[in-house]
Amino acid sequence: MPNQKNRKLPFWFIPAAIASLVASVAVAFILTETFKPSPTPTQPSTTQTGTNAPGTHMAYPLDAKDIERQFNQATSQPRPDVRAVILNHHLLAGSLIANTLHAVGNIPKTIILISPNHFELGAGNFITSDYDWSTDFGTLHANTQLIATLADAGLIIDPSIFPHEHGVANIVPYIAHEFPHATLVPIAVRTGASDTAIQTLAGAIAANATADTLIVTSVDFSHTLTSPEANFHDTQALTALASLDVASAKRADVDSPNALALTLTALKLIGAKHFMLIDHSNAAKITQKPNMQDVTSYITGIFEPGDATAEPSLHMLALGDTMLDRYVKKHIESNGLDSYFDSRPRFWLGTDITLANLEGCFTDFAPRALDPNNLMFTFNPELLSTLRAYQFTTFNLANNHTLNFGDTGLSQCRQYIKDSGLTAYGDPKNREKLSTITDMHDTRVGFVGYNALEATPLSDITNEIARIRPDVDFLIVTPHWGNEYHTSESASQVKAAHAFIDAGADLVLGTHPHVIQPIEMYKDKMIFYSLGNFIFDQMFSEDTRTGLGVGVALTSHTADFWLFPFSNADFTLTFLNGEKHDMLLAELAQKSEVSDELQSQIKEGHIIYSY
């Protein structure tokens, strides 16, 4: 029998009864989806749930005793006025589902269950079913009246997709246990839903939601990553939830950004903006396999009436020298720019800003003849659409190659980047457009570029830092400096970096040496003297074939940096792991001017501290 509010959280795995069904295609999908990318749109097997009778769906056949045990062991404290919950649908983490619903202290009469449309089935952006749902805890009836009302806002009735949609079928038994008398409106959201369509349906949901309506959003977060990568992505998703920032949510590493956007848009209209985290875990933690390479993460929480609570924060992936001409161009013409990213496509999600230094410009000029000694770089502007698809946002132009085709080439580059909806800043002569300011979830981030190869007074840059400092929450300086192929920083780099921080910079990210250089902490601010090459054709040494991606998460009092070393050999990006990963970070830690504690953190690939 359902036990309304007397439970504690267990450490739970998929019951043996489910494991015995692994031969079924659909069940195999449920068990393994934790460790795979989002599925491609194919027609799944109908053996997962079937249909009990016309007008009735059968929920996924979970063991009722296991669900009872999960609710009985839940530890979350029930809250009296919960309007929405975010929970996972991977059954590996079924205990988190129970713990989240346990936090709902009020008893809803209507539940709107929002899920990804995993298989992109049906015709329409938002699909529902007016069938009832049969579970071991009784039948949940469809709210046909609300379904009919929402049809005017784009909701389409198509029950045929729901026997296959585990984002709904896996959750229904938990809802039936906790709220057996509630009526249900399931909504499966396709990836192609436009912002306008999302706003229209969200408005209709908000207009018809009452105090006894509960929105349940069934989504899983970071997929097919390592735990450090997943944790980096999750910091951005947590901020998007806490700030109800729809644009940021659409950049999150989640199986349905549109489902998340629909939820947050509706909650802003309802006025339920206060987010409280219930659980944050992932498959590696649950299975106790810390070296797992294909982690899915789980963020669960509740929304209550009130204001958003997110503080100003920055979430960014920083990358080094990027050159798309010469032998890189030759590779792209045969294999596509996607070939650099498609071995780890989800790594490039889950951040608000992705920053790289452009060693050249996007122009209309014809490239020079293929020659290893050619140092005049021009990039095909059509490549910008691919970079944007992989969530690149921002490019530094303050370097020694962005005037390869003169002021005309630089002007074309700035315009092409702008027309692509992306951001460029910095000037190769340090004369104009030195900086830019980016706004996101009530946070302002300033970027200042500096080409140290130009004979420019350092005061020109420190004055620019001081000028925009009062207008931003965080300020990043990206100098192009140092000696090529030197794996240690120069005295002039150190002098300039300290001056930037003294003037108000929060972080310094250097480029130009084409190799990784050490890290320094100065006045609680981090300096990465060189990130090395990101995409380049300098294959003549191990150092030039190796780069460092830096995941950045800053608040007003904490700093997190994740270190992602990779190889760009053979014109592909391969993230280092195992012995190579450990050796590179150990060497970087040994060379870096930081405390013993920070050296240990560099070796682990995650720097975290408070200030």
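Key figures for this structure:
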quantity	calculated
Yes/no for Pro163 being at pLDDT below 95, closer than 22 Å to His118 by Cα and in a helix (DSSP H, G or I)	yes
Cβ pairs under 7 Å, 6+ apart, first in region 97-115 and over 11 Å from Phe71 (Cα atoms), second among the polar types (S, T, N, Q) and part of a loop (DSSP other than H, G, I, E, B)	Thr110/Asn143
From the options Ala237, Ala266, residue that is surrounded by 23 or more Cβ atoms within 10 Å (Cβ to Cβ), at pLDDT 95 or above, small (Gly, Ala, Ser) and under 11 Å from the mean Cα position of the chain (by Cα)	Ala237
Residue in region 520-543 that is under 20 Å from Val445 (Cβ atoms), not in a strand (DSSP E or B) and not basic (Lys, Arg) present	yes
Among the residues listed as Asp524, Asp596, Asp570, Asp543, the single one being closer than 16 Å to Gly320 by Cα, acidic (Asp, Glu) and out of contact with any strand residue (DSSP E or B) (no Cβ under 6 Å at 6 or more places or on another chain)	Asp543
Residue check, Ala148 in the same structural domain as Asn117 (by TED's automatic domain parsing), surrounded by fewer than 24 Cβ atoms within 10 Å (Cβ to Cβ) and either without any contact (Cβ under 8 Å) to a residue 24 or more places away in the chain or assigned to a strand (DSSP E or B) (or both)	yes
Failed item, numbered, when Leu548 is tested on (1) of a type in the set (A, V, I, L, M, F, W, C); (2) outside any strand (DSSP E or B); (3) surrounded by 20 or more Cβ atoms within 10 Å (Cβ to Cβ)	(2)
In region 151-160, the residues that are assigned to a loop (DSSP other than H, G, I, E, B) and over 10 Å from Gly124 (Cβ atoms)	Asp152, Ala153
Verdict on Ser343 being modelled with pLDDT under 95, farther than 30 Å from Leu475 by Cβ and either under 25 Å from the mean Cα position of the chain (by Cα) or not assigned by TED's automatic domain parsing to the domain that holds Asp220 (or both)	yes
Filtered residue count, region 278-311, keeping only those that are hydrophobic (A, V, I, L, M, F, W, C), at pLDDT 95 or above and over 23 Å from Thr210 (Cα atoms)	6
Residue check for Ser541: surrounded by fewer than 22 Cβ atoms within 10 Å (Cβ to Cβ) and either free of Cβ contacts under 8 Å to residues at least 12 places away in the same chain or of a type in the set (Ser, Thr, Tyr) (or both)	yes
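Residue-by-condition table, conditions (1) touching a helix residue (DSSP H, G or I) at 6+ places or on another chain (Cβ under 9 Å); (2) small (Gly, Ala, Ser):
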| site | (1), (2) |
| --- | --- |
| Leu146 | yes, no |
| Ile156 | no, no |
| His166 | yes, no |
| Ala193 | yes, yes |
| Thr200 | no, no |
| Ala206 | yes, yes |
| Thr210 | no, no |
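The values are calculated or read from the model by the stated rules, or taken from the named source; none is laboratory data. This is a predicted model, so every value here is computed, not measured. Cβ: placed from backbone, ideal geometry, glycine included. Neighbour counts: every protein chain shown.
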